[in-house]
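Undergrad: Questions regarding the structure given below will be posed in turn.
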Amino acid sequence: QVLLVESGGGSAQAGGSLRLSCAASGATYGSACMAWFRQPPGKEREGVAAIYTRGDAPGYADSVKGRFTISIDKAKNTVYLQMNSLQPEDTAMYYCAAGDCGLSQRGYHYWGQGTQVTVSS
């Protein structure tokens, strides 16, 4: 069973922090990278952060660089997105994905169903 399940979304104030988790069941097998995408209300889905499944070479969208950190816990088969200094423009549905590397959604084969993040000013 290939499954990605996101958790940790919710509401935060501007300047606050949230940590998203994505528990993977078999999805990382054969996948070079895991990544986080987000879709703000009324906008297209965009790549946020990606990391090799071996745990190195993280990459970030310019909009979150310096504020968000992606990491993988190999023992728990879980990828995280630590989000600091949150801003209202970070409000979006956040999705976990596994597949090819990069921040283009077309390269990813497996997707979670999303977790909502809402940031108020």
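The values are calculated or read from the model by the stated rules, or taken from the named source; none is laboratory data. In this text the structure is predicted, and so the values were computed from the model without any measurement. Side chains included, ligands, DNA and RNA excluded: accessible areas come from the protein's heavy atoms. Shrake-Rupley method; radii C 1.70, N 1.55, O 1.52, S 1.80 Å.
Undergrad: How much length is gained if the chain between residue 69 and residue 120 is pulled fully straight, taking 0.36 nm per residue apart and subtracting their Cα-Cα distance, in nm to one decimal?
TA: Using 0.36 nm per residue and subtracting the Cα-Cα distance, I get 16.3 nm.
Undergrad: Rounded to the nearest 5, what % of the DSSP beta bridges within the chain are antiparallel ones?
TA: 90
Undergrad: Could you tell me the largest-minus-smallest coordinate of the C-alpha atoms of segment 51-97 on each of the three principal axes, in descending order and whole angstroms?
TA: 33, 19, 17
Undergrad: Accessible surface of residue 76 in the full protein assembly, 1.4 angstrom probe, to the nearest 10 Å²?
TA: 140
Undergrad: Order 89, 6, 46 by their accessible area, 1.4 angstrom probe, all chains in place, largest first.
TA: Sorted by accessible area, descending: 89, 46, 6.
Undergrad: Here is a further query. Any idea of residue 110's accessible area? Nearest 10 Å², probe 1.4 Å.
TA: The value for residue 110 is about 90 Å².
Undergrad: Moving on. Which of 23, 75, 92 moves most in a GNM of the chain, Cα contacts under 10 Å?
TA: Greatest mean-square fluctuation among the candidates belongs to 75.
Undergrad: Using a probe of 1.4 angstrom, how much of the accessible area of segment 24-99 is carbon and sulfur, in percent?
TA: Answer for segment 24-99 is 47 percent, counting heavy atoms of protein chains only.
Undergrad: Tell me, what is the per residue accessible area of the chain in Å², probe radius 1.4 Å? Show your work: numbers first, answer last.
TA: Numbers: 6140 Å² over 121 residues.
Accessible area per residue, the chain: 51 Å².
Undergrad: If you bin the C-alpha pair distances of the chain every 10 Å from 0, what whole percents do you get?
TA: Spelled out per bin, shortest first, that is 15, 52, 29, 4, 0.
Undergrad: Which whole-number percent is the relative contact order of the chain (Cα, under 8 Å, 6+ apart)?
TA: Details: 330 pairs, mean separation 43.3, N = 121.
Result for the chain is 36 percent.
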